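Heads up: the structure comes next, in structure tokens.
The values are calculated or read from the model by the stated rules, or taken from the named source; none is laboratory data. Since the structure is predicted, the reported quantities are computational estimates derived from the model, not experimental observations. Note: ideal-geometry Cβ built from the backbone for every residue, glycine included; neighbour counts use all protein chains shown. SASA here: full protein model, heavy atoms, side chains in, ligands and nucleic acids out. Shrake-Rupley method; radii C 1.70, N 1.55, O 1.52, S 1.80 Å.
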Amino acid sequence: MPPPAPADGSVTLGITPWGEIVVDGNSHGVSPPLTHLKLAAGVHTIEVRNGTAPPFVSRIDLQPGQAVEVKHRF
């Protein structure tokens with residue numbers, strides 16, 4: 001019997017020079033040093049904030065086992 005498929009996906013962050021990472025309204029820290037998130041499959045809103053700069057918002061539909069990259073330069 002094959003192992004069950006993963007229920008989570010992963011997000012790799014490439015934020016320059018830095019940004020506060022907010023996923024679905026919950027803060028997850030600052031990138032860098034944060035470079036990787038493990039999230040449940042489904043639709044997520046990722047917001048990246050950097051001081052007074054306009055926030056960068058990305059909406060992703062993460063599939064089980066999928067790896068997604070979010071990049072932004074302020």
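Within segment 39-59, residues that are touching a residue at least 12 places away in the same chain (Cβ under 8 Å) and among the acidic types (Asp, Glu) have Cβ atoms under 7 Å from residues that are surrounded by 14 or more Cβ atoms within 10 Å (Cβ to Cβ) and assigned to a strand (DSSP E or B) in these pairs: Glu47/Val22, counting only partners at least 6 apart in sequence or on another chain. Residues of segment 24-55 that are of a type in the set (A, V, I, L, M, F, W, C), open to solvent by less than 60 Å² (accessible area, probe 1.4 Å) and either part of a loop (DSSP other than H, G, I, E, B) or more than 14 Å from His72 (Cβ to Cβ) (or both): Leu34, Leu37, Leu39, Ala40, Ala41, Ala53. Quick one: would you say Ser58 is assigned to a strand (DSSP E or B), small (Gly, Ala, Ser) and under 10 Å from the mean Cα position of the chain (by Cα)? In short, yes.
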